[in-house]
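What follows is calculated from the coordinates using simple rules that are stated; it is not laboratory data. What you are looking at is a predicted structure, and each value in this text was computed from that prediction instead of being measured. Counting neighbours? That spans all protein chains shown, and the Cβs are built from the backbone with ideal geometry, glycine included.
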Amino acid sequence: MAIITLTTDFGHKDHFVGTIKGTIYRELEDAKIVDISHSISPFNIQECAYILKNSYKTFPEGTIHVVGVDSDPTPENQHIAVLLDNHYFIAANNGVIGLITSEIVPDKIVEIQIPNPVKSSFPVLDVFVQVACHIARGGTLEVIGRPFDQLSDLKEFAPRISDNGNSIIGSVIYIDNYGNVVTNIQKKMFETQRKARNFTLNARNKKIREIHNQYSDIINFDLDKNQRKGPGDLLALFNSAGYVELAIYKSDLNTVGGASTLLGLDYRDTIVVEFE
């Protein structure tokens, strides 16, 4: 039995997640359901794509990913099922899949058209779960939809090369549980544009001139402890997903604060890298 993952902005207070799981188990008693996240900020497409893009590939091929963010169907927000990188995605055509496919071409996309669809305020349950169970039973995409080639593409979230290649203008796409700020500037782009030059990363009134590969790289263990950088100090690094991230070393967002609060950065705020 294939694994079915759930990524939504439903939270855990309401009945929605439990209802989805109960319906899947009623249809497939042996189903394997994995929660990726139910704490996506409401309707935040970029955040959803970031989390899903960096988690789906750790699952076995054939896994079915149900995406419950901004899922109400409209003429411009069609329900789609996608075969991508040997994984199945069931979502609305709101840009989430487009952001995931920025580097990988989908093998197949269909617009979902199940017979006698239920029109309700809970399409993840009434449509997406039906499609997920169909695929889990070995069903094909052709049975539940028709070919679709109008995938929504949110280009405005892409970083821009400026000043004749001497700067990158990026933006904040995600803030994690520690208050760490993830930008949309990927390591590959950064190194391609850098060309071994010195750089300054500008975040509000802070300037950073070094990017680490892990959090503890900020500490120079050759120095006495009272001379070292450490907890509470700002750093930049390439995170595990390959994006430029700003962090306060060993911060706690709920007490002393994290990079997001201490720098005053929020979703879609600008980060600029200048090469010298």
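Placing unit charges on C-beta atoms (Lys and Arg positive, Asp and Glu negative, everything else neutral), compute the dipole magnitude of the chain about its Cα centre in debye, rounded to 20.
In total the dipole reaches around 580 debye.
Looking at the chain, which longest stretch skips every one of the trypsin sites (Lys or Arg not before Pro) that is in a DSSP loop with at most 10 other Cβ atoms within 10 Å, leaving the sites themselves out?
Excluding the exposed sites themselves, the longest stretch runs over 14-118.
Would you work out which of V67, L52, I36 lies farthest towards the positive end of the dipole of segment 1-105? Charges go on Cβ: Lys and Arg +1, Asp and Glu -1.
The Cα lying farthest towards the positive end belongs to I36.
Comparing T261, T192, T101, which has the greatest mean-square fluctuation in the GNM of the chain with Cα pairs linked when under 10 Å apart?
T192
Under a point spin-label approximation (7 Å from Cα along Cα-to-Cβ), what is the N202-D163 distance to one decimal in nm?
The modelled label-to-label distance comes out at 0.6 nm.
Normalised by the number of residues in the chain, what is the relative contact order in percent for Cα pairs under 8 Å and 6+ residues apart?
15 percent
Considering only the other residues whose Cβ falls under 13 Å of the Cβ of T140, what net charge follows from Lys and Arg at +1 and Asp and Glu at -1?
+1
R0 = 22 Å: FRET efficiency of D14 with L154, Cβ-based, nearest 0.05?
According to the calculation, E is roughly 0.20.
If I take R0 = 30 Å and measure r between the Cβ atoms of E61 and E29 in this structure, what FRET efficiency does the formula 1/(1 + (r/R0)^6) give, to the nearest 0.05?
The calculated FRET efficiency here is 0.80.
So which chymotrypsin sites (Phe, Trp or Tyr not before Pro) in segment 35-141 pass both tests, a DSSP loop state and at most 15 other Cβ atoms within 10 Å of the Cβ?
Passing both the DSSP loop test and the Cβ count: F43.
Taking K and R as +1 and D and E as -1, what net charge do the other residues with C-beta under 11 Å from the C-beta of Y88 add up to?
-2
Using amide H atoms built in the peptide plane, which far-off residues or other-chain residues are under 5 Å from H87 H to H?
Close amide H contacts, sequence-distant or interchain: G62.
Based on the Cβ-Cβ distance from D217 to S121, what FRET efficiency comes out when R0 is 45 Å, to the nearest 0.05?
That gives a FRET efficiency of 0.40.
If the limit is 29 Å between Cα atoms, which of K57/K206; K195/K250; K187/K207; K13/K188; K187/K229 go over it?
As for pairs spanning more than 29 Å Cα to Cα, those are K57/K206; K195/K250; K13/K188.
Going by the alpha-carbon gyration tensor, a ≥ b ≥ c the square roots of its eigenvalues, is segment 1-138 rounded (a/c under 1.5) or, if a/c is not under 1.5, prolate (a/b greater than b/c) versus oblate?
rounded
Calculate for the chain the 222 nm mean residue ellipticity that helices alone would give, adding -39,500 (n - 2.57) per DSSP H run of length 4 or more and normalising by residue count, nearest 500 deg cm²/dmol.
Value at 222 nm, helices only, nearest 500: -4500 deg cm²/dmol.
Distance in nm between label sites at R228 and S37, each 7 Å beyond Cα in the beta-carbon direction?
Label-label distance for R228 and S37, simple model: 3.1 nm.
Within segment 190-254, list the chymotrypsin sites (Phe, Trp or Tyr not before Pro) lying in a DSSP loop whose Cβ has at most 12 other Cβ atoms in a 10 Å radius.
Sparse-neighbourhood loop chymotrypsin sites (Phe, Trp or Tyr not before Pro): F221.
Grab the Cα-Cα distance for K188 and K250, subtract it from 0.36 nm times how many residues apart they are, and report the gain in nm with one decimal.
My answer for the length gained is 19.7 nm.
Quick one: grab the alpha carbon gyration tensor of segment 158-275, order the square roots of its eigenvalues as a ≥ b ≥ c, and give me rounded if a/c is under 1.5, else prolate or oblate depending on whether a/b is larger than b/c.
oblate
About its Cα centre, what dipole magnitude does segment 3-147 give when the only charges are +1 on Lys and Arg Cβ and -1 on Asp and Glu Cβ, stated in debye to the nearest 20?
180 debye
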